[in-house]
1. Mind checking which lysines have their C-alpha under 16 Å from LYS228, skipping anything on the same chain fewer than 8 residues away?
2. Give me log10 I(q)/I(0) at q = 0.12, 0.15 Å⁻¹ for region 30-117, Debye formula, one equal scatterer per alpha-carbon, no solvent.
3. How far, in nm, would the chain grow between GLU293 and SER84 when pulled straight, counting 0.36 nm per residue and subtracting the alpha carbon separation?
4. What accessible area, in Å² to the nearest ten, does a 1.4 Å probe give for LYS325?
5. Please report the accessible area of VAL329 (heavy atoms, 1.4 Å probe, ligands and nucleic acids excluded) in Å², nearest 10.
6. Using 0.36 nm times the number of residues separating LYS50 and SER359, minus their current alpha carbon distance, what extension gain do you get?
7. Taking 0.36 nm per residue of separation and subtracting the Cα-Cα distance, what length does fully extending GLU198 through LEU328 add?
8. For VAL422 and GLU255, FRET efficiency with R0 = 35 Å and r from the beta-carbon atoms, rounded to 0.05?
Amino acid sequence: MRDTIYALSSGHPPAGVAVIRISGPGVRFGLETLTGSVPVARHAALADMKDGAGQLLDQGLALYFPEPHSFTGEDVGELQIHGSRASVMAVLAALSSLPGFRPAEAGEFTRRAFENGRMDLTAVEGLADLIRAETEHQRRQALGQAGGRLKQLYEGWARRLTYGRAMIEAEIDFSDEEDIPGSVADRIWPDLEALAGEIAAHLKGARAGEIVRNGFRVALVGAPNAGKSSLLNALADRDVAIVSDIPGTTRDVIEVRLDVGGHLVLLMDTAGIHDSDNPVELEGIRRTMTTAETADLVLELRSLEGAGGAVDAVLAPNRILVGTKSDLVEGSLPDLPASGLLVSSKTGDGLDDLLAVISSRISEMDVARNDPLPTRDRHVLLLEECRMDLMAAVLGTGDPLEIRSERLRMAATALGRITGSVDVEELLGVIFSEFCVGK
């Protein structure tokens, strides 16, 4: 019989209310021991919580969710108590004294939900993303995935693959039967070719899904004293980077997370690009170039007062020129290319325009689309594997039907590994390690 696990599922105390979750075969026994009775299923009951010696620990609410209609698929109990450290520790200590009870490991409640068929792996990953969501679009994408949108899409594809394999097997094994068609080509191959196209279209949204989940990367590059650190601080509305007139002050990449129009933006301040013999500065410049190469958008900063010239080394196609320190320029402002912007980190002039440009660049990547998107590298790799095996079966007109059927089986296996229906044991430890204890 499995252990009964328990953990604090709410935030760390002190808090107004603390929620302790229990799951496993001993839930009823635990509730009876601590509260004196088992509440009516899915109804909160006010209860005095006592330890084994009958000493009052706290007064709060007790709830009971019988299997299989619970989060984990097992009997689940919740104790809602006052959120002081002393109250929480006292109730947890009382639970630890019960036979067969132990503290839950990180992600163990969710893992039991997966093992009991309450969730598939895409929903598990969506729940992990939902817990960490920082922006509105992250919340929407994670909530849809946790609610099973990817699962429904992939299971629909899996059913079409299964039907195709069944038709081929029927022709191979029962070709002499009158009710089995003599050829399945006209019945399944057009649909399977269309399915390959649907998977390819789905994969085109992978970059958008990744940006929503991991953030849109914006690199600030330029010569020393071009105003990169000042702009970072102004956009973050706090002092994140050290601002100095001394070249080489910034030697590593400094990252700030911003919410821009509901999207997560990773704004990265980098070392100034210039000629140097200092090995530390050279390493910082190397990191600047690497950051610029991998960024979704590069803002090349040029000081309008003359400090810090153009940086010809950065030739990213996604580069926008930004003239900084506009408040220090007297008279007419210098002209920049049509795509350029003028900003002042000191007065705030132009910052809203800059954020609007960043937001429009994100919108161009169609990251706000409502259809379910692959969000992780493993999704993309397995979907591409599925598509390639599927196309090999569709285009293999000269191959025996047995070979084409095997290709469809391989495609279905790759698809099944995404949802966790086949061969994913090695992934489970990695996926569930993302969760906190109590979830």
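The values are calculated or read from the model by the stated rules, or taken from the named source; none is laboratory data. Nothing here was measured: the structure is a model prediction, and the numbers come from that model. Cβ: placed from backbone, ideal geometry, glycine included. Neighbour counts: every protein chain shown. Side chains are part of the model used for accessible areas, which takes the heavy atoms of the whole protein and leaves out ligands, DNA and RNA. Shrake-Rupley method; radii C 1.70, N 1.55, O 1.52, S 1.80 Å.
1. The qualifying lysines are LYS325, LYS346.
2. -0.38, -0.59
3. 70.3 nm
4. Near enough 50 Å² of accessible area.
5. 30
6. Contour length minus the Cα-Cα distance gives 105.7 nm.
7. 41.3 nm
8. Rounded to the nearest 0.05, the efficiency is 0.40.
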